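To start, the structure under review is shown below, and the notes come after it.
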Protein chains: 2
Amino acid sequence: MRISSKGKYALELMVYLGRNYGKGSISISEITGDSFSIKYMEKIAGLLNKAGLIKSERGVEGGYKLVKDPSEYSIFEILNAVEDNLAPIKCVLDDDACKIKITCKTYPIWDELYEIEAKFLKDKKLTDIL
Amino acid sequence: MRISSKGKYALELMVYLGRNYGKGSISISEITGDSFSIKYMEKIAGLLNKAGLIKSERGVEGGYKLVKDPSEYSIFEILNAVEDNLAPIKCVLDDDACKIKITCKTYPIWDELYEIEAKFLKDKKLTDIL
DNA sequence: GTAATTCCTACTAAAATGGTATAGAATATA
DNA sequence: TATATTCTATACCATTTTAGTAGGAATTAC
C-alpha cells in the first residue's frame, strides 16, 4: 500500500477541514497558504468532492466543508477516494496473470496483507489525528 | 507498502528454491522456464545473493540454493532484500518535510501502518507458502 | 576446449508521479 | 450590473520509477 502525495495531501486537507468543522466553508488558499500549489490541492479537493466526502461552494466566501462529523470518516475512505489502487500489488484487484512458471503461489500473501492494512485504516478515524 | 514486480518475482523464486531445498543448486532457467525473462530474474537473484539470502554457484551444474531452512525465512526479509523502500510513504524513512501549512499531522498514521505491515510480513515464513 | 551457468554494467521504452497552465462557471458583495 | 473570489474541467509536461533488454565477462563441470 504505497501512499502517493495525493493521498497524503488529501488527508492533510481533511484534517484542516476537520479542525474547522462547523465554521462554514474553507477555501483552498486558506488551507495551503503560500507554501504550496493551490492548483494541485484544488484537484485533490475535486476528487474528494466527487466521492461525496466533502461539499463545495463556489464564489466569494466559498470553499469546502465536511458533510458529516469528523468521527465518522475513516482514513481508509479518504485515501481510497483519491488513490488509484491501495492494494500492495496490482494483481490483488486487477487479476492479471503471473508470467512465471509457478503460478502465483504468493497471491494469498498480498491478499492477506491488504486485508490487514485496510482493517487498520478503516478502524482509524479522522478524529484520531485532529 | 507497494510491492513491485521485483518483490513478487523474488518471492516466487524463493518459493521455488524452498520446494527444492536440499537438492543442490537450481539454475535460473529452470525456475523461469521459457515463459519469463531469464535476464530479469538473474538480476533479482543477484540482489538476493548480495543480501546473503541465497548462495550462488557458477558454471555448469551451477545455480542458487537457500542458505538456511525455509522455515527460517520471513517474507519481510525477502522483500526487503529487493525493494528500495517498503514504507507506505517515503517520509517514514526519508525524513522529507511536508510542503503544506499544517506540518505533517498524518505522519503517525504512516508510521503505525508500516509497523503493522512489517509485523505481519516478519511473522509470515517462507514455509507458509510452500 | 566447450557448454552452461552466474556476474556486471549500461541502456531504454513505457508508465506513474507530481505537478502547471488555461479557460470557464458560479456566487457574494458593492 | 460589475467585480473579485472561489471552485471546475481539461489538457499538458518534466521528472522519476518500473520493468525489463542487451552484451559480454568470469567461472566451472565435463
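Taken together, the values in this text are just the output of simple stated rules run on the coordinates, not laboratory data. Computed from a prediction, not measured in an experiment: that's the story for all the values here. No Cβ is skipped: glycine too gets one built from the backbone with ideal geometry, and neighbour counts run over all protein chains shown.
Please give the average number of partner chain Cβ atoms lying within 10 Å of the Cβ of each residue in B:112-124, rounded to a whole number.
Averaged over the peptide's residues, the number is 3.
In whole Hz, what ³J(HN,Hα) sequence does the range B:44-50 give by Karplus (6.51, -1.76, 1.60; θ = phi - 60°), x for Gly and Pro?
Computed from phi, the couplings for the range B:44-50 are 5, 4, x, 5, 5, 5, 4 Hz.
Report the residue, chosen from B:Gly22, B:Gly33, B:Gly46, that carries the largest GNM mean-square fluctuation when chain B is represented by alpha-carbon nodes joined by springs under 10 Å.
Taking springs between Cα atoms under 10 Å, the residue moving most is B:Gly33.
Neighbour counts of other C-beta atoms within 10 Å: give me A:Arg58, B:Arg19 arranged from fewest to most.
Sorted ascending by nearby Cβ count, the order is A:Arg58, B:Arg19.
Which residue, chosen from B:Leu113, B:Ser25, B:Met41, occupies the Cα position most advanced towards the positive end of the dipole of chain B, where the dipole is computed from +1 (Lys, Arg) and -1 (Asp, Glu) charges on Cβ about the Cα centre?
My answer, from the dipole projection, is B:Met41.
With +1 on each Lys and Arg Cβ and -1 on each Asp and Glu Cβ, how big is the dipole of the range B:5-129 about its Cα centre, in debye rounded to the nearest 20? Let's see the in-between values first.
On the way: 19 positive and 20 negative charges, 29 e Å.
In total the dipole reaches around 140 debye.
If I model chain B as equal point scatterers sitting on the Cα atoms and use the Debye formula, what is log10 I(q)/I(0) at q = 0.12, 0.19, 0.21 Å⁻¹?
So the normalised log intensities work out to -0.52, -1.02, -1.19.
What FRET efficiency do you get for B:Ser56 and A:Ser71 if R0 is 51 Å and r is their Cβ-Cβ distance, rounded to the nearest 0.05? List each step's numbers first, then the result.
Numbers: r = 55 Å, r/R0 = 1.08.
After rounding to 0.05, the efficiency reads 0.40.
Within 10 Å of each Cβ in peptide A:10-16, how many partner chain Cβ atoms are there on average? Round it to a whole number, please.
Mean number of neighbouring Cβ atoms from other chains: 4.
Under a crude label model (7 Å from the Cα following the beta-carbon direction), how far is A:Lys43 from B:Ser35 in nanometres?
For A:Lys43 paired with B:Ser35, the spin-label model returns 3.8 nm.
Chain B: which residue's Cβ hugs the B-to-A rotation axis most tightly, distance rounded to whole Å?
Spelled out, residue of B and its Cβ distance from the axis onto A: B:Arg2, 2.
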